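K.L.:
Just passing along the structure, written as structure tokens.
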2 protein chains.
Amino acid sequence: MKIINSRSDCPISYSLDIFGDKWTLLILRDMMLSEKRSFSDFLNSPEGIASNILVDRLNILHNQGFVTKEASLLNKSKFLYTLTEKAIDLVPVVIDLIEWGEKYNSKREPKSILTKVVKNKARAIKEIQENLRKKTGQQEVSK
Amino acid sequence: MKIINSRSDCPISYSLDIFGDKWTLLILRDMMLSEKRSFSDFLNSPEGIASNILVDRLNILHNQGFVTKEASLLNKSKFLYTLTEKAIDLVPVVIDLIEWGEKYNSKREPKSILTKVVKNKARAIKEIQENLRKKTGQQEVSK
DNA sequence: AGATAGTTATTGCATTTTGCAATAACTTAT
DNA sequence: ATAAGTTATTGCAAAATGCAATAACTATCT
């Protein structure tokens, strides 16, 4: 297990020690906001993560307790990752990043989630989180 | 000016393209939650950022419009950085990171800001932001 | 005036991380 | 049997980071 050495006892520093990079939060995003749950799902996301980086980040997320990992019952060569409470508690961060990114990316116009979020952010966060909690222990429904 | 190429049109991806690393948000944290405003202030933060990295990140923050840069009137060899609205809009992200980090860093017990935040987060965020906006255009009061 | 300290960088070099392409090992589908 | 799907691993080049030394300038002190 890779050791993460903390730079200070600041909670922000602690957070960034774990997921302060360009990829980790995108994997969590996939699991939070899409139905993505497997290696290949993440590999096919539009940003185009390299497979060696993906392996590395998934191991970190697993070792640090952000996700559980279990074999798919429908496909024995496939693993399903599921968010733990530790990761579900990051939903507010992700939502805030969406809100900020939508506002300051001039090349893009506001979309689906934002309008919903901005109207009642606290409610939207709670809905997403409750929905994610239902997935705990669930397998795929279909291929 | 360093060019940041975007990996996708996802707002989270856009955000991480700019500040998805281990240092940038710590500099913003210093400006948001402490009275830190200068190169040496950031250099002396507990995490121990290297001066070449700090130069690089401050340039990015400046070029991307997160901070303004002006000479100190009390010390001509010193520059004062001030957060713009673009950065002040990241206060919610930073507060959420504090909240999450406080909760999951087992080596640390809850402190000052958290208790205040958890009770009424929306209010706390607004207060911090309003306070930061007052600093716009302000010089140092004393050395 | 000269020495010391403060402030913002730059440089060089070793180490680490990332990016990219090929490929492996195994399972599933045709 | 062959091809396709899935999760990795490997090798190598490129980029980013970490660290120490030092530069250039300003401020302070005696």
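Throughout, read-outs are computed from the coordinates displayed, never taken from laboratory work. All figures in this text were calculated on a predicted structure; none of them were measured in a lab. Here Cβ is always computed from backbone atoms with ideal geometry, including for glycine, and neighbour counts include all displayed protein chains.
K.L.:
What are the extents of the Cα atoms of the protein assembly as shown along their three principal axes, listed from largest to smallest and rounded to whole Å?
P.N.:
Cα spread of the protein assembly as shown along its principal axes, largest to smallest: 69, 42, 37 Å.
K.L.:
How high is the relative contact order of segment A:20-96, in percent, counting Cα pairs under 8 Å that sit 6 or more residues apart?
P.N.:
28
K.L.:
Please give the average number of partner chain Cβ atoms lying within 10 Å of the Cβ of each residue in A:125-133, rounded to a whole number.
P.N.:
Counting Cβ atoms of other protein chains within 10 Å of each residue's Cβ and averaging gives 0.
K.L.:
Suppose every Lys and Arg Cβ carries +1 and every Asp and Glu Cβ carries -1, with no other charges. What dipole size does the protein assembly as shown come out with about its Cα centre, to the nearest 20 debye?
P.N.:
340
K.L.:
Just checking the output field for B:80-92: average partner chain Cβ neighbours within 10 Å of each residue's Cβ?
P.N.:
2
K.L.:
Over chain B, calculate the relative contact order: mean separation of alpha carbon pairs under 8 Å at least 6 apart, over the residue count, as a percent.
P.N.:
Across chain B, relative contact order equals 19 percent.
K.L.:
Still on this structure: Based on the mean of other Cβ atoms within 10 Å per residue, sort peptides B:62-74, A:69-81 so the most packed one is first.
P.N.:
Going by the mean number of other Cβ atoms within 10 Å, highest first, we get B:62-74, A:69-81.
K.L.:
Could you bin all the Cα-Cα distances of segment B:18-68 into 10 Å bins starting at 0 and give me the percent of pairs in each, rounded to whole numbers?
P.N.:
Going from the shortest bin to the longest, the percentages are 26, 65, 9.
K.L.:
Please report the spacing between the Cα centers of segment B:74-143 and segment A:51-72 in Å, no decimals.
P.N.:
Rounded to whole Å, the Cα centres lie 32 Å apart.
K.L.:
Tell me the Rg and the Dmax, in Å, that the Cα atoms of segment A:3-116 produce.
P.N.:
15.2, 44
K.L.:
Also: Roughly how crowded by other chains is peptide A:2-12, in terms of the mean Cβ count from those chains within 10 Å of each of its Cβ atoms?
P.N.:
Shielding by partners across A:2-12 averages 6.
K.L.:
Also, I was wondering about something else. Using θ = phi - 60° and the Karplus relation 6.51 cos²θ - 1.76 cosθ + 1.60, list the HN-Hα couplings for segment B:87-99 in order, rounded to whole Hz, with x at every Gly or Pro.
P.N.:
Taking θ as phi minus 60°, the curve returns 7, 4, 5, 8, 3, x, 4, 4, 5, 5, 5, 4, 4 Hz for segment B:87-99.
K.L.:
Restricted to Cα positions, what overall size does segment A:53-143 have along the principal axes? Three whole-Å values, descending.
P.N.:
43, 29, 26
K.L.:
For the protein assembly as shown, with the dipole built from +1 on Lys and Arg beta-carbon atoms and -1 on Asp and Glu ones, taken about the Cα centre, which of B:91, A:122, A:26 lies farthest toward the positive end?
P.N.:
The one lying farthest along the dipole's positive direction is A:122.
K.L.:
Which of A:82, A:13, A:106 sits farthest toward the positive end of the charge dipole of segment A:1-112, with +1 on the Cβ of Lys and Arg and -1 on the Cβ of Asp and Glu?
P.N.:
The one lying farthest along the dipole's positive direction is A:82.
K.L.:
Apply 1/(1 + (r/R0)^6) to the Cβ-Cβ distance of residue A:123 and residue A:35, taking R0 = 22 Å, and write down the FRET efficiency to the nearest 0.05.
P.N.:
Working from the Cβ atoms, E equals 0.50.
K.L.:
What residues from segment B:9-23 fall in the zone where the backbone N is under 19 Å from a label point 7 Å along the Cα-to-C-beta line of residue B:50?
P.N.:
Label zone hits: B:20-23.
K.L.:
Can you list residues from other chains, or at least 5 along the same chain, whose modelled amide H is less than 5 Å from the amide H of residue B:80?
P.N.:
Distant-sequence amide H within range of residue B:80: B:70, B:71, B:72.
K.L.:
Can you list the residues of segment B:30-66 with backbone N under 19 Å from a point 7 Å past the Cα of residue B:77, pointing along Cα to Cβ?
P.N.:
Flagged as within label range: B:37-44, B:51-52, B:55.
K.L.:
Name the residue farthest towards the positive end of the dipole of chain A from the options A:54, A:71, A:139, assuming +1 on Cβ of Lys and Arg, -1 on Cβ of Asp and Glu, about the Cα centre.
P.N.:
A:139
K.L.:
Same structure again: Using a simple charge model, +1 on the beta-carbon of Lys and Arg, -1 on the beta-carbon of Asp and Glu, nothing else, what dipole does chain B show about its Cα centre, in debye to the nearest 20?
P.N.:
Computed about the Cα centre, the dipole is about 340 debye.
K.L.:
Go ahead and estimate [θ] at 222 nm for the protein assembly as shown from helices alone: -39,500 (n - 2.57) per DSSP H run with n ≥ 4, summed, over the residue count, rounded to 500.
P.N.:
That calculation yields -15500 deg cm²/dmol at 222 nm.
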